[in-house]
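Input: one structure, supplied below.
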Amino acid sequence: MRIALYPGSFDPITLGHLNIIRRSSRIFDKLYVCVMVNSSKQPMFTLEERSEMIRRTVSRLDNVIVETSDEMLVKHAKQIGAGVIIKGLRAVSDFDWEFQMALANKIIEPEIETLFMTSSSKYTYLSSTVVKEMAKYGADLGDFVPREIIADILAKMNDK
Ligand code: ADP
């Protein structure tokens, strides 16, 4: 069985992330979407909130499993039996860091491959940071995130 892992912060999930999830789920038998702890970012949503929002969004894709992890990425991939890590690439600016990480990961777990999937041109501008910035000003989020989670973002904004 071909198993892949798509990791990220997903704070929150965007239409760009969802596009990568949909396309990857057609290539692999099973796709794990893993919300990872990123100690260098101060998240808006908790790990549980983020994974629950993704679960709601991908409920119709039956080979997609949503989970959370605070483990090292390649160790986690090995543990769940994923031979491939998927990374989305928006622009050249994503590439430098991802290239370094892919090479470092290859040294630690040589049998795990990193596969880069280019962003759909519609979403190359889109990041979770852009979404949070737009939400601050009350912009319509329909072009940026799955409609199932718009209310969660607005509620979080009102909490603050
Ligand atoms: P960000 O906070 O920048 O959105 P994440 O850590 O949540 O980043 O991203 C998880 C993965 O999704 C990364 O591989 C990232 O490159 C990819 N990604 C993020 N946004 C997009 C997009 N708009 N199109 C394609 N891939 C994306």
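Which residue is most open to solvent (accessible area, probe 1.4 Å), if the candidates are limited to the stretch 1-50 and must be away from the ligand (no atom under 13 Å from the Cβ) and over 22 Å from residue 78 (Cβ atoms)?
26
I want to confirm something. Restricting to the stretch 85-104 and keeping residues that are charged (D, E, K, R) and surrounded by 10 or more Cβ atoms within 10 Å (Cβ to Cβ), which single residue is modelled with the highest pLDDT?
Filtering the stretch 85-104 for residues that are charged (D, E, K, R) and surrounded by 10 or more Cβ atoms within 10 Å (Cβ to Cβ), the one modelled with the highest pLDDT comes out as 87.
Would you check if residue 110 is touching a Cys at 6+ places or on another chain (Cβ under 9 Å) and over 18 Å from residue 152 (Cα atoms)?
Criteria not met by residue 110.
Turning to a different aspect of this structure: Just to verify a result, which residue in the stretch 102-114, among those that are part of a loop (DSSP other than H, G, I, E, B) and not charged (D, E, K, R), is farthest from the chain's Cα centre (by Cα)?
My answer is 110.
Now for a different question. Going through the stretch 73-90 one residue at a time, which ones are near the ligand (Cβ under 10 Å from one of its atoms) and either more than 16 Å from the chain's Cα centre (by Cα) or within 24 Å of residue 30 (Cβ to Cβ) (or both)?
85, 86, 87, 88, 89
Look through 26, 22 and report the one residue that is within 22 Å of residue 113 (Cβ to Cβ), more than 12 Å from the chain's Cα centre (by Cα) and assigned to a helix (DSSP H, G or I).
When all the criteria are applied, what remains is 26.
Please identify the pairs in which a residue from the stretch 132-154 that is at positive phi and free of Cβ contacts under 8 Å to residues at least 24 places away in the same chain has its Cβ atom under 9 Å from the Cβ atom of a residue that is among the aliphatic types (A, V, I, L, M) and buried (at least 16 other Cβ atoms within 10 Å of the Cβ), counting only partners at least 6 apart or on another chain.
Once the first residue is at positive phi and free of Cβ contacts under 8 Å to residues at least 24 places away in the same chain and sits in the stretch 132-154, no partner that is among the aliphatic types (A, V, I, L, M) and buried (at least 16 other Cβ atoms within 10 Å of the Cβ) comes close enough.
Considering each of 21, 27 in turn, give the residue that is free of Cβ contacts under 8 Å to residues at least 60 places away in the same chain, among the aliphatic types (A, V, I, L, M) and in contact with a Phe, Trp or Tyr (Cβ under 8 Å, 6 or more places away or on another chain).
Exactly one of 21, 27 is free of Cβ contacts under 8 Å to residues at least 60 places away in the same chain, among the aliphatic types (A, V, I, L, M) and in contact with a Phe, Trp or Tyr (Cβ under 8 Å, 6 or more places away or on another chain), namely 21.
Further question on the same structure: Every residue in the stretch 115-137 that is more than 8 Å from the ligand (Cβ to nearest atom), open to solvent by 60 Å² or more (accessible area, probe 1.4 Å) and not in a strand (DSSP E or B), please.
Matches in the stretch 115-137: 121, 122, 133, 134, 136, 137.
Cβ contacts < 7 Å: first residue part of a loop (DSSP other than H, G, I, E, B), restricted to the stretch 52-75; second residue at pLDDT below 95, any location; separation 6+ or different chain. Result?
70/37
The values are calculated or read from the model by the stated rules, or taken from the named source; none is laboratory data. Just so it is clear, the model here is predicted, and its values are computed rather than measured. Quick reminder, even Gly has a Cβ in these numbers, built from the backbone with ideal geometry, and neighbours come from all protein chains shown. Note: areas computed on protein heavy atoms with side chains; ligands, DNA, RNA excluded. Shrake-Rupley method; radii C 1.70, N 1.55, O 1.52, S 1.80 Å.
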